[in-house]
Amino acid sequence: MTPADGPGMSGCRLLVATASQPGAIAILQLDGDVALVLGAVTGIARWPAGRARLTNLADVDRGLAVRLTDTVAQLMPHGGPRVVQRLVAWLVDRGVELVGPDDVAPERVFPEAADRFEALALAAVARAASPIAVDLLLDQPSRWRTAATARNPDVERARRLNRLIDPPLVVVAGPANVGKSTLSNTLVGRSMSIAADRPGTTRDYTSGRIDLAGVVVDWHDTPGLRDSSDPIEAEAVEIALALIARADMVIALTDHQEPWPELPRPADLRVANKCDLGDRGHDGGDLSISAATGAGIAELVLAIRDRLVPPEDINHGGAWLFDRRLVDQPGE
Ligand SMILES: Nc1nc2c(ncn2[C@@H]2O[C@H](COP(=O)(O)OP(=O)(O)O)[C@@H](O)[C@H]2O)c(=O)[nH]1
Ligand SMILES: [Mg+2]
């Protein structure tokens with residue numbers, strides 16, 4: 001497709017959401033008229049919200065393409081800098097606008113702001129994904145002007161609170177057939193991925209940007225992590241492992257029969273599904289749920305939320321380093 005083929009892709013912005021050092025996967029976030037861009041990049045026409053596919057990306061790479069909402073999508077190619085450069089160039093050539101997180105001076109966007117702290121807070125409110133960020137952000141300018149903590153901001157607390165602005169990546173992993181897709185469908189609220197009795201069904205994942213009791217996350221289902229001779233399934237497992245490596249939170253899921261999965265990193269939460277079929281009293285599990293009946297789902301949502309953004313961070317009265325420009329010299 002060339003720019004002459006259609007209305008162009010200028011209704012879409014592109015942000016390289018992962019840091020520039022190489023990782024197993026990179027995340028390119030698209031914002032705006034994403035359906036058109038997803039269609040052009042993948043050659044696949046139908047992209048309902050919640051759909052994630054392992055697919056060709058502009059003949060540059062194969063990777064995961066995800067439509068998280070009507071207006072937000074992510075492309076996840078392999079993380080080598082050359083692949084990212086080529087994919088970005090392909091998109092920019094077709095009219096997609098490349099933006100950086102701090103391309104525009106906040107004082108220019110919010111001339112009504114009393115000072116730089118207020119301008120940065122308003123800019124953060126404008127892009128914060130989680131509703132509970134708003135009150136906290138609007139309280140920051142006065143904290144930054146006065147609080148003693150502003151001279152020595154707590155970067156670890158900021159790392160967690162910043163998840164209210166940029167949604168954290170939450171990945172559910174476990175053996176085949178334990179109910180990962182059923183749980184993902186329940187939470188994402190749509191029946192997108194195939195939940196079935198046969199192991200190895202999930203090649204298309206369920207993903208979605210979902211609000212977990214006030215904290216918005218990017219949720220990713222994964223296929224069962226088993227060795228497979230099927231090259232597509234093996235590739236899906238490889239992408240799932242890369243997502244696990246990048247994730248802000250990994251949820252290990254098992255059921256009343258299967259063991260806990262062996263993951264490349266310790267799980268942040270261990271959840272036993274199918275409690276309606278009997279509870280084995282899994283050693284070390286944090287929660288028991290039934291994705292099918294809904295038992296324990298409300299508790300699970302709160303457990304995920306409170307681990308990602310602990311209530312003590314939200315209730316902390318100190319200054320929140322929500323944008324590093326708060327401590328950078330203006331104009332540099
Ligand atoms: N009884 C019961 N069955 C469930 C539950 N969750 C999932 N299942 C069933 O388990 C099978 C595998 O589910 P699926 O979500 O495809 O598992 P996945 O391979 O881990 O994604 C399907 O037949 C589901 O209907 C549950 O909580 N209770
Ligand atoms: Mg599945």
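The sole residue among ALA213, ALA148 that is aliphatic (A, V, I, L, M), under 30 Å from ARG324 (Cα atoms), surrounded by fewer than 19 Cβ atoms within 10 Å (Cβ to Cβ) and at pLDDT below 90 is ALA148.
Within the stretch 303-319, residues that are farther than 16 Å from GLU156 by Cβ reach partners that are open to solvent by less than 10 Å² (accessible area, probe 1.4 Å) and not hydroxyl-bearing (Ser, Thr, Tyr) with beta carbons closer than 6 Å, at six or more positions or on different chains, in the pairs ILE304/LEU212; ARG305/LEU212; ARG305/VAL215. Residue count for the stretch 152-187 under the criterion of being within 30 Å of LEU326 (Cα to Cα) and either assigned to a strand (DSSP E or B) or over 17 Å from the mean Cα position of the chain (by Cα) (or both): the result is 9.
Can you confirm whether ALA292 is open to solvent by 10 Å² or more (accessible area, probe 1.4 Å) and closer than 26 Å to ARG62 by Cβ? Spelling it out, it is not the case that ALA292 is open to solvent by 10 Å² or more (accessible area, probe 1.4 Å) and closer than 26 Å to ARG62 by Cβ.
The residues listed here are LEU277, LEU263, LEU243; of these, the one that is of a type in the set (A, V, I, L, M, F, W, C), within 12 Å of VAL171 (Cβ to Cβ), surrounded by fewer than 21 Cβ atoms within 10 Å (Cβ to Cβ) and out of contact with any Gly (no Cβ under 7 Å at 6 or more places or on another chain) is LEU263.
Yes or no: the stretch 135-142 includes at least one residue that is open to solvent by less than 50 Å² (accessible area, probe 1.4 Å) and under 14 Å from VAL327 (Cβ atoms). Scanning the stretch 135-142, I find at least one residue that is open to solvent by less than 50 Å² (accessible area, probe 1.4 Å) and under 14 Å from VAL327 (Cβ atoms), so the answer is yes.
The values are calculated or read from the model by the stated rules, or taken from the named source; none is laboratory data. On a predicted model such as this, the values are computed, not experimentally measured, just so you know. Cβ coordinates were reconstructed from backbone atoms using ideal geometry, including for glycine residues, and neighbour counts include every protein chain displayed. In case anyone asks, the SASA skips ligands and DNA or RNA and just uses the protein heavy atoms, side chains included. Shrake-Rupley method; radii C 1.70, N 1.55, O 1.52, S 1.80 Å.
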